[in-house]
Amino acid sequence: MQANCIKNLLDLKDVIVKNIKNLKDKVEIYIELPVKEHICPSCGCSTTNIHDYYTQTIKDIPIYFKPTYLIFRKRRYVCKHCGKKFFEQNDLLARYARRTTRLTGFVINELRNLVSQSDVSKKANVSPSVISKTLPYLAVSNSTLPRVLCIDEFKGNTGNYKYQVALINGETYEVVDILECRQKHFLCEYFKKFPKEQLDNVQYFVTDLWETYKDIAFTYFRKAKIVADHFHFARYVCNAVNDIRIAVQKKLPKDERKYFKHSRKLLLSRQCNLKSDEQKDELSYILINYSEDLRIAYREKEELLDIIHSTDSFETKSKSFSEWVKRNLESPVEKLRDCAKTYQHWYTEIKNSLEVPYSNGATEGFNNKIKVLKRVSFGMRSFKNFKARILLLNR
């Protein structure tokens, strides 16, 4: 009864626990397997004849925060027909391995967290090189493409390239794949591998306002609607407001410049999100007293954001956006004219974004996880290892 309780506690099934030593710096568990009939790998005859024993030390999952070892007394059987000698079969470890399969699973499970490989190696009592050799097997590319494909780059600084690309499922927010390079020829080579049925399965291609991604969508996803991400096109008008604010700030006296510098957050915030009367009064004072261009840019920024977040029908939002672009193409403010020209160039893609609820929000959120992973790992040189860590974070 007691032996069964110990086996259940240690999760060692079909194993005989002979002894346990809880030493100062490690835990040793002495085990062996029950005698059973084995099939000779040479002639196929069955045998229960034991030739000799061999004791092997195996690394296992830590217990009591101490390195744990299984002292495995292995039997070597001998076939009475052909004389072949062979070790007994077991489910504890793979062939030629010196650590249990469940320790490998423990390491992989720990790598799902935002921790460094060195921390995992210390916790699991394995060398960092063992983890580095395991990770490439986990960097598996997806063979299918989702209905809504979101694409965005992030600064990985790994492998031979500065920027890597994340492909995300826009409906389930799962990582589809991580690409090593954002260059056009590399993306073309990647998407060429997919059959036409998979490429046609993509109905929405969500991207930022980068021409390369647009060209890729036109080339490979001919049945998909290209959707411009809300954040990436809305920030153009926000940047216009901020650029005008900086220009006004440079012309102010030194004492007043310091006060005006703190208005950045106030000008970039939504007016509907201002809660206190003090903030509203301060905003009105800035817009009335400092610059007419700043007042116009702020008004146009608010109108565009109202269109994006509106719950009106697509036709109403589309008409409002068209009027916004047309009006600002003739605006007296140069920054707003430049912004409107950009929106005119991406007119169809932005209108598509007003029709569907998909965006790169999940991709941007996952990019933050990648930044944390980079920071705790102090950077990663191998792209395959980096890709495996990113994929594990999402599984």
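Nothing in this text is a laboratory measurement; each read-out follows from the coordinates by a stated rule. Here the structure is a predicted model, which is why all the values come from computation and not from measurement. FYI the Cβ positions are ideal-geometry reconstructions off the backbone, even for glycines, and counts take in every protein chain you see.
What does the convex hull of the alpha-carbon atoms of the range 230-355 project to on average, in nm²?
7.9 nm²
Could you work out the helix-only [θ] at 222 nm for the chain, with each DSSP H run of four or more residues adding -39,500 (n - 2.57) and the total divided by the number of residues, to the nearest 500 deg cm²/dmol?
After summing the helix terms and dividing by residue count, I get -14500 deg cm²/dmol.
Restricting to Cα pairs below 8 Å that are 6+ residues apart, what does the relative contact order work out to for the range 230-355? Please round to a whole percent.
Result for the range 230-355 is 30 percent.
Which number do you get for Rg(Cα) / (2.2 N^0.38 Å) in the chain?
In units of the globular-protein estimate, the chain measures up at 1.46.
Using the Kirkwood formula over every pair of different C-alpha atoms, what hydrodynamic radius in Å results for the range 77-215?
18.8 Å
Sort PHE205, PHE366 so the one with the fewest other Cβ atoms within 10 Å of its own Cβ comes first.
By the 10 Å Cβ count, ascending: PHE366, PHE205.
For GLU211, what charge total do you get from the other residues with a beta carbon under 14 Å from its beta carbon, if Lys and Arg give +1 and Asp and Glu give -1?
Computed value for this residue: -1.
Going by how many other beta carbons lie within 10 Å of each one, how would you line up HIS262, HIS51, fewest first?
HIS262, HIS51
Could you size up the charge dipole of the chain around its Cα centre, putting +1 on the beta carbon of Lys and Arg and -1 on that of Asp and Glu, and report it in debye to the nearest 20?
Using only the charged Cβ atoms, the result is roughly 2200 debye.
If R0 is 41 Å, what FRET efficiency do you get for PHE314 and HIS185 from their C-beta distance, rounded to 0.05?
Step by step, r from the Cβ atoms, then E = 0.65.
Size of the dipole of the range 230-355 about the Cα centre, Lys and Arg at +1 and Asp and Glu at -1 on the beta carbon, nothing else charged, in debye to 20?
Using only the charged Cβ atoms, the result is roughly 520 debye.
When DSSP assigns beta bridges and you keep just the ones with both residues in the range 132-240, what percent turn out antiparallel, to the nearest 5?
Bridges in the range 132-240 that DSSP calls antiparallel: roughly 65 percent.
What full-extension length gain, to one decimal in nm, is calculated for LEU266 and TYR285 as 0.36 nm per residue of separation minus the Cα-Cα distance?
Additional length available on full extension: 5.7 nm.
Would you calculate the volume per residue, in Å³, of the smallest convex hull containing every Cα atom of the range 189-245?
Output value, Cα hull per residue: 78 Å³.
Using alpha-carbon pairs under 8 Å, 6+ residues apart, how would you state the relative contact order of the chain in percent?
Relative contact order comes out at 15 percent.
As an exercise, identify the GluC sites (Glu not before Pro) in the range 25-69 lying in DSSP coil whose Cβ has no more than 12 other Cβ atoms within 10 Å.
Sites meeting the loop and neighbour criteria: GLU37.
Please compute the Kirkwood hydrodynamic radius of the range 294-395 from all pairs of different C-alpha atoms, in Å with one decimal.
Over the range 294-395, the inverse of the mean reciprocal pair distance is 16.6 Å.
Give the residue from HIS51, ASN8, LEU393 lying farthest towards the positive end of the charge dipole for the chain; charges sit on Cβ (+1 for Lys and Arg, -1 for Asp and Glu) and the dipole is referred to the Cα centre.
Positive-end residue among those listed: HIS51.
Could you tell me the convex hull volume per residue, in Å³, taken over the Cα atoms of the range 2-101?
That works out to 100 Å³ per residue.
If you look for lysine pairs in the range 263-359 that are eight or more places apart or on different chains, how many of them have Cα atoms under 28 Å apart?
29
Read phi for every residue in the range 156-162 and hand back ³J(HN,Hα) as whole Hz from Karplus 6.51 cos²θ - 1.76 cosθ + 1.60, θ = phi - 60°, with x for Gly and Pro.
With the stated coefficients, the range 156-162 comes to x, 6, 10, x, 9, 10, 7 Hz.
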